[in-house]
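A quick write-up on the structure given underneath.
All of the numbers you see were taken from the coordinates with simple rules; none came from a lab. Predicted, not measured: the structure shown is a model, and the values here were computed from it. FYI the Cβ positions are ideal-geometry reconstructions off the backbone, even for glycines, and counts take in every protein chain you see.
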Amino acid sequence: MRNIKKIIVHCSATRKDWLDVEGAAAQLQEIRRWHVEDNGWSDIGYHAYIARNGEVLPARPLKRKGAHTKGHNADSIGVCLAGGFGSSSEDRAIDHYTPAQLAALWEFVKVTRDKFGQEITVHGHNDFANKACPGFPVSRWMASQCIQEARPKAAPRVKATQSKTVKASGVSIAASVGSAGAMLSGLDQTAQYIVLGFAGLSIVLGIYVMRERLKAWSEGWH
Ligand SMILES: [Zn+2]
């Protein structure tokens, strides 16, 4: 067996729905065809392929040196994530890959370390070449995975805003604010009626006064 020192992560640089209907095996077969027919290699360059649903498919046998990262093939395992089209080296992993895929990659790292040694390091193709592949900084992603793994799996604390009583009082406050609002708008409407009423009354009154004055004037009152 080769002396494995690192895992190098790649991507197929395909769109998220690439050969979705055909399935993971067909996708792997297509990449193999590119590498064999187009590149003239003996086999697919990667050792494993991780499909969008998290399925991990074996590719080139592990005992054989891969063809994926110039200058680093002899002591590494090349793993390819399905997707990554249009990605850049500084994107977040979750921008381009499914949670199932990333969980599978993390499992892949653990299994590989258990088999070949805990000192195995994990890199992205972009650590060794001026390329976007696999479309995120693998070392940063690994660090965040390690932090998550180390975090004690305690029951999540319920935040004050999530408690039922706070929620209930929040609801009652909202309800009272709502009814106050309804009351205010009701008052507004009443006020409108009053204003309209007064306006109407003053017109009637004005006409009446005018009539009375006209009457008085006609009777020679002023
Ligand atoms: Zn690559």
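Assorted remarks:
- Spatially proximal aspartates and glutamates relative to K65 (Cα-Cα < 13 Å; intrachain offsets below 8 disregarded): D43, D75
- Extension gain (nm, one decimal) between A150 and E22, 0.36 nm per residue minus Cα-Cα: 42.3 nm
- Total formal charge among the other residues, if their Cβ is under 12 angstrom from that of T121, Lys/Arg +1 and Asp/Glu -1: 0
- Taking other residues whose beta carbon is less than 15 angstrom from the beta carbon of P137, and scoring Lys, Arg as +1 and Asp, Glu as -1, yields -1.
- Sorted on the mean count of surrounding Cβ atoms within 10 Å across their residues, most packed first, peptides 113-123, 60-70 read 60-70, 113-123.
- Extended-chain gain in nm, criterion 0.36 nm per residue less alpha-carbon gap, W34 and E90: 17.5 nm
- Inter-label distance, nm, simple model (7 Å from Cα along the C-beta direction), A129/A103: 3.1
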